[in-house]
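A short worksheet on the structure shown next.
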Amino acid sequence: MFDLEMIKTLYSNFGARVAAGRKAVGRPLTLTEKILYAHLWQGDATEAYDRGKSYVDFAPDRVAMQDATAQMALLQFMQAGRDKVAVPSTVHCDHLIVAKENSKTDLVRAVKESSEVYDFLASVSNKYGIGFWKPGAGIIHQVVLENYAFPGGMMIGTDSHTVNAGGLGMIAIGVGGADACDVMAGLPWELKFPKLIGVKLTGKLNGWTAPKDVILKVAGILTVKGGTGAVVEYFGEGATSMSCTGKGTICNMGAEIGATTSTFGYDESMSRYLKATGREDVAALADGIKEHLTADAEVYANPSEYFDQVIEINLTELEPHLNGPFTPDLATPISKMKEEALRNGWPTKIEVGLIGSCTNSSYEDISRSVSLARQVTEKGLKLKSEFTITPGSETVRFTIEKDGFLDVFDKIGATVFANACGPCIGMWDRVGAEKAEKNTIVHSFNRNFAKRADGNPNTFAFVGSPELVTALAIAGDLSFNPLTDTLTNEAGQKVKLDAPTGYELPPKGFAVDDPGFQAPAADGSKVQVKVSPTSSRLQLLEPFAAWEGTDLKGLRLLIKAKGKCTTDHISMAGPWLKFRGHLDNISNNMLIGAVNFFNEKTDFVKNQVTGEYGPVPATQRVYKAASIGSIVVGDENYGEGSSREHAAMEPRHLGVRAVLVKSFARIHETNLKKQGMLGLTFADKNDYDKIQEDDTIDILGLTEFAPGKALAIVLHHADGTSDIILANHTYNEQQIEWFKAGGALNIIRKQFVK
Ligand code: MIC
Ligand code: SF4
């Protein structure tokens, strides 16, 4: 068991900290506020913070990193000049494993292909006191839930789905590597005090409906930007009657509505989960302070007085949903799918059903899917689509194998991939994907942006619960509604699938042979970290140059991105994941997925020096070589999706000076600031229309750059006319210092490196 002493210490002060918070705020507190006020960097609260406005310094208990982001986080940490991490931290190897044949073969291949990166991560972890979870151990968020998450704790992680740990009553937040670097270096972590969204769950889940449907429904209501800057707190009888891992699923996919995080109050389901995962002591400690691990009674009795927004969902009436294609907030109840698919021309033949991922691979999820898979044989059916399973951790995989579930899947012809992200992040060597044929897949992951799973822009991906995905894979048909429709079996009879059933936790307990953990050296001072100067996968970082102290003039427009521009569009994953530790090489994917407003094409922009059209990265490299600064213009919710700071570091590295958009997603905006970039928003969103392809652009007001003060942008158009527009920003004093220093790390380095 990890962290027991740390949890004891935290809990021993928790009540007093909460009381100080309550006194400062002057009213009963939500759970979110309790956890936040209990983690103030300064200790006891002395003032009430303004939700959605105040920047506050926090002291998180823990840091988690996955391999694709840890490389950059740790390359930055190595520059900070510390001997050891200041708070408990872990690295998890899960993103770099390509799913192709089966778990064993795929894992062996990945270890061979990525040995340089794994060795680097293992040795940095060993040196600096970081716990290391080997490839095959599982997906970061599942491993964290099983081992580290605890009620009332605060954690940050270099992955947007860190929020999964809200299922165990944490405030767990996804951040860029530079933020993780601060906390590991012993510095406070800054966050704008969030707004609060309360979701009251009444009734009880039943039949085909699963926890996933709660978040699919919430995503439909709030959309991909509705949660921005807010923490979503779930409560009510529907919350307490749900499993802890089900709560994890709901919190996990809260990343898709842009929420800072989501959480649930401590309850019996969490206690049961803690006990089942070998943490009886943590459960006992949590029982001891349980009144502080949920909101004050007045809050849930009268939610609209305490939350900025309240949503109510009756679980008894909630229908299974499918969200998609191409965006996780397009929610369709299964009973409406037939007509919606017809109306929109979505292909209804399902090629592949994929279950698992960090979102949905609990013992409960798998057992419920198995109850459907069993009916294939029992009812003389045949699986109509391909079907794959990616278990979330070795503990889950070992246990479901022991309990005979993998045999059931095997019998119906399913493939079990390695305990890793695999198809969820484009690490899927899908046969025929390069043909770019229009096709449909259904999965239980969380994201379904274009090209995400298999690189094919014409794959229509729909997100559903594992049980619905299983039923749809059996039917092979997107318009099949298992609640009402029948299937024709091999003998020509009409049969109906029984609703799924399963176990919240393994009746005979979890088991595992080798969980895949490697503890760090007690004294890492002798451990050598090697990075070959000729490596194509790892590159030591050079500090970025400081701001030149003047306004930025004569910038060229690199691209005016149209519509959805997620971090997948800015820095694609899949085949590019292999360059996550090499800034110059990965910069060759910069913005290649973004749609150019002027010609509707991707990766095809006008080079203002030559007048010719070409790929975005190559064009930017021409500007860089000629020392011409450039600017990227974007639409709403720019940088939605992941925490990958590469999406901010690549433009920084290649000489883009500013990103000017209608609105930002939270993590990406912070990542830009951290790397010393200018992240600006149009004061008047209509000014987006004034940006022309041949514009030369000045940014004025930087010498008086101050919080709350807009900057002026001059657009010099090619016809000799010009427009002056205003750009807002959210930089506070400290963040302005990051900009001036050329990046936050340049400031940290000064503190530690003598
Ligand atoms: C994702 O789901 O997009 C990822 C891959 O897990 C990312 C992190 C990354 O890009 O490495 C995330 O969600 O933060
Ligand atoms: Fe991995 Fe997908 Fe989860 Fe991201 S969302 S951590 S890629 S399984």
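Observations on the structure shown:
- Failed condition for residue 443, given (1) under 30 Å from residue 244 (Cα atoms); (2) in contact with a Lys or Arg (Cβ under 7 Å, 6 or more places away or on another chain); (3) within 16 Å of ligand 2 (Cβ to nearest atom): (2)
- Residues of the stretch 607-662 that are over 29 Å from the mean Cα position of the chain (by Cα) and assigned to a strand (DSSP E or B): 613, 614.
- Flag if residue 566 is within 27 Å of the chain's Cα centre (by Cα), within 16 Å of ligand 2 (Cβ to nearest atom) and of a type outside the set (D, E, K, R): yes
- Matching residues in the stretch 299-326 - criterion: being assigned to a loop (DSSP other than H, G, I, E, B) and over 13 Å from residue 30 (Cα atoms): 315, 316, 317, 318, 319, 320, 324, 325, 326
- Residue identified as more than 16 Å from ligand 1 (Cβ to nearest atom) and part of a helix (DSSP H, G or I) among 694, 698, 719, 689: 689
- Residues located in the stretch 341-352, provided they are small (Gly, Ala, Ser) and not in a loop (DSSP other than H, G, I, E, B): 341
- Evaluated against (1) within 16 Å of ligand 2 (Cβ to nearest atom); (2) acidic (Asp, Glu); (3) part of a loop (DSSP other than H, G, I, E, B), residue 101 falls short on exactly one condition, (1).
- Looking only at residues in the stretch 328-352 that are surrounded by fewer than 20 Cβ atoms within 10 Å (Cβ to Cβ) and hydroxyl-bearing (Ser, Thr, Tyr), the one that is farthest from ligand 2 (Cβ to nearest atom) is 335.
Yes or no, residue by residue, for (1) surrounded by 23 or more Cβ atoms within 10 Å (Cβ to Cβ); (2) in contact with a helix residue (DSSP H, G or I) (Cβ under 9 Å, 6 or more places away or on another chain); (3) modelled with pLDDT under 95; (4) of a type in the set (S, T, N, Q):
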{"residue": "584", "(1), (2), (3), (4)": "no, yes, no, no"}
{"residue": "599", "(1), (2), (3), (4)": "no, no, no, yes"}
{"residue": "605", "(1), (2), (3), (4)": "yes, yes, no, no"}
{"residue": "646", "(1), (2), (3), (4)": "yes, yes, no, no"}
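- Note on the stretch 41-83: among residues that are assigned to a strand (DSSP E or B) and either free of Cβ contacts under 8 Å to residues at least 40 places away in the same chain or over 18 Å from residue 137 (Cβ atoms) (or both), the one that is nearest to ligand 2 (Cβ to nearest atom) is 58.
- In the set (1) in a helix (DSSP H, G or I); (2) at pLDDT 95 or above; (3) surrounded by fewer than 18 Cβ atoms within 10 Å (Cβ to Cβ), the condition left unmet by residue 86 is number (1).
- Exclusive hit being away from ligand 1 (no atom under 16 Å from the Cβ) and touching a residue at least 24 places away in the same chain (Cβ under 8 Å), set 463, 408: 408
- Annotation note: Cβ proximity below 7 Å between a residue of the stretch 603-626 that is in contact (Cβ under 8 Å) with a residue 24 or more places away in the chain and a residue that is of a type in the set (Asp, Glu) (sequence gap 6+ or interchain) occurs for 606/693; 608/694; 616/603.
- Residues that are more than 16 Å from ligand 1 (Cβ to nearest atom), part of a loop (DSSP other than H, G, I, E, B) and either closer than 27 Å to residue 705 by Cα or out of contact with any Lys or Arg (no Cβ under 8 Å at 6 or more places or on another chain) (or both) occur in the stretch 556-570; there is at least one.
- Unique match (being outside any helix (DSSP H, G or I), among the β-branched types (Val, Ile, Thr), in contact (Cβ under 8 Å) with a residue 60 or more places away in the chain and surrounded by 21 or more Cβ atoms within 10 Å (Cβ to Cβ)) among 263, 249: 263
- The residue that is nearest to residue 602 (Cα to Cα), counting only those in the stretch 532-565 that are in contact with a His (Cβ under 7 Å, 6 or more places away or on another chain) and crowded, with 17+ Cβ neighbours inside 10 Å, is 537.
- Residue in the stretch 698-715 that is charged (D, E, K, R), in contact (Cβ under 8 Å) with a residue 12 or more places away in the chain, more than 28 Å from residue 163 (Cβ to Cβ) and surrounded by fewer than 14 Cβ atoms within 10 Å (Cβ to Cβ) present: no
- Among the residues of the stretch 104-123, not a single one is within 13 Å of ligand 2 (Cβ to nearest atom) and either over 19 Å from the mean Cα position of the chain (by Cα) or over 22 Å from residue 362 (Cα atoms) (or both).
- Residues being within 12 Å of ligand 2 (Cβ to nearest atom) and either in a helix (DSSP H, G or I) or surrounded by fewer than 24 Cβ atoms within 10 Å (Cβ to Cβ) (or both) - total across the stretch 146-163: 4
- All positions within the stretch 13-31 that are under 16 Å from residue 307 (Cβ atoms) and either without any contact (Cβ under 8 Å) to a residue 24 or more places away in the chain or of a type in the set (Val, Ile, Thr) (or both): 25, 30
The values are calculated or read from the model by the stated rules, or taken from the named source; none is laboratory data. Just so you know, these numbers come straight off a predicted model, no measurement behind them. Heads up, the Cβs are rebuilt from the backbone with ideal geometry, glycines too, and the neighbour counts pull from every protein chain shown.
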